[in-house]
Amino acid sequence: YDVRGPAGATWLACGDDGSIFVSDDAFTTPVDVSEPVTSTFYGAAFDGENWVVVGLSSVGPAAVCLFSNDGGANWVNSPPATADALTGVVVHGRKIIVATSAGNTFYTEDMGANWSAGTSVGALKSFATNGMYVIATCTSGAVYYSEDGVSWGAGPVSTTGGGDVYSCVDPHTL
């Protein structure tokens, strides 16, 4: 459900059935680094050193937030305290910010050892950042913005009829 990667380096793709693949050649020869977990992954992010993959375990159910600091060879699950699916993730400064299917946001600055709650806004689907602002799309048709990833404001953008907005673009990955 998501593909992320820094320019000129390793890329990561994740999705259903706990699937996680990495590649340094545009997925011509992907490497399966999946964890032996039954999860659906909805988002991935990279902070310059560490991969983060988020989703929902089918056992529980419980949120899944996997961290890897070795290119996907090993993963540590350290999610915030929620049973809701983690539907998106973004790195903004030192913060790793995740969104839940229930409309809550959480952030960590220490690879998931400690989580704090952000403002609840709506069922967020994707994030993007330009280094100054974080933008988030929402199933209510709104687009939200934040300077710190903690407090969110609704932008003046919405779809006709209040339909879903599913994606936004991070200019750093273009």
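The values are calculated or read from the model by the stated rules, or taken from the named source; none is laboratory data. As the structure is a computational prediction, the values presented were derived from the model and not from experiment. Because the Cβ atoms are built from the backbone with ideal geometry, glycine has one as well, and the counts that use them run over all protein chains shown. Ligands, DNA and RNA are stripped out before the accessible areas are found, and what is left, the full protein with its side chains, is counted by its heavy atoms. Shrake-Rupley method; radii C 1.70, N 1.55, O 1.52, S 1.80 Å.
Here's the yes/no breakdown for (1) at pLDDT below 85; (2) on the phi > 0 side of the Ramachandran plot; (3) open to solvent by less than 10 Å² (accessible area, probe 1.4 Å); (4) not hydrophobic (A, V, I, L, M, F, W, C):
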| residue | (1), (2), (3), (4) |
| --- | --- |
| Val22 | no, no, no, no |
| Asp32 | no, no, no, yes |
| Glu35 | yes, no, no, yes |
| Phe41 | no, no, yes, no |
| Gly48 | yes, yes, no, yes |
| Ser57 | no, no, no, yes |
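Out of the residues in region 61-83 that are surrounded by fewer than 20 Cβ atoms within 10 Å (Cβ to Cβ) and within 15 Å of Asp17 (Cα to Cα), state the one that is modelled with the highest pLDDT.
Residue satisfying both the conditions and the ranking: Ala62.
Kindly indicate which of Phe27, Phe41 is part of a loop (DSSP other than H, G, I, E, B) and among the aromatic types (Phe, Trp, Tyr). Give the derivation first.
Numbers: Phe41 fails: part of a loop (DSSP other than H, G, I, E, B).
Criteria check complete, one pass: Phe27.
Does Ile96 satisfy the criteria of being touching a Ser or Thr at 6+ places or on another chain (Cβ under 6 Å), farther than 18 Å from Thr40 by Cβ and aliphatic (A, V, I, L, M)? Can you show your working first?
Numbers: touching a Ser or Thr at 6+ places or on another chain (Cβ under 6 Å): yes; farther than 18 Å from Thr40 by Cβ: yes; aliphatic (A, V, I, L, M): yes.
In short, yes.
For region 106-139, how many residues are within 12 Å of the chain's Cα centre (by Cα) and of a type in the set (Phe, Trp, Tyr)?
The total comes to 3.
Could you check region 92-105 and list, in sequence order, the residues that are open to solvent by 30 Å² or more (accessible area, probe 1.4 Å) and either more than 15 Å from Ala63 (Cα to Cα) or not in a loop (DSSP other than H, G, I, E, B) (or both)? Can you show your working first?
As a first pass, look at region 92-105 and keep what is open to solvent by 30 Å² or more (accessible area, probe 1.4 Å): 93-95, 101-102, 104.
The answer is Gly93, Arg94, Lys95.
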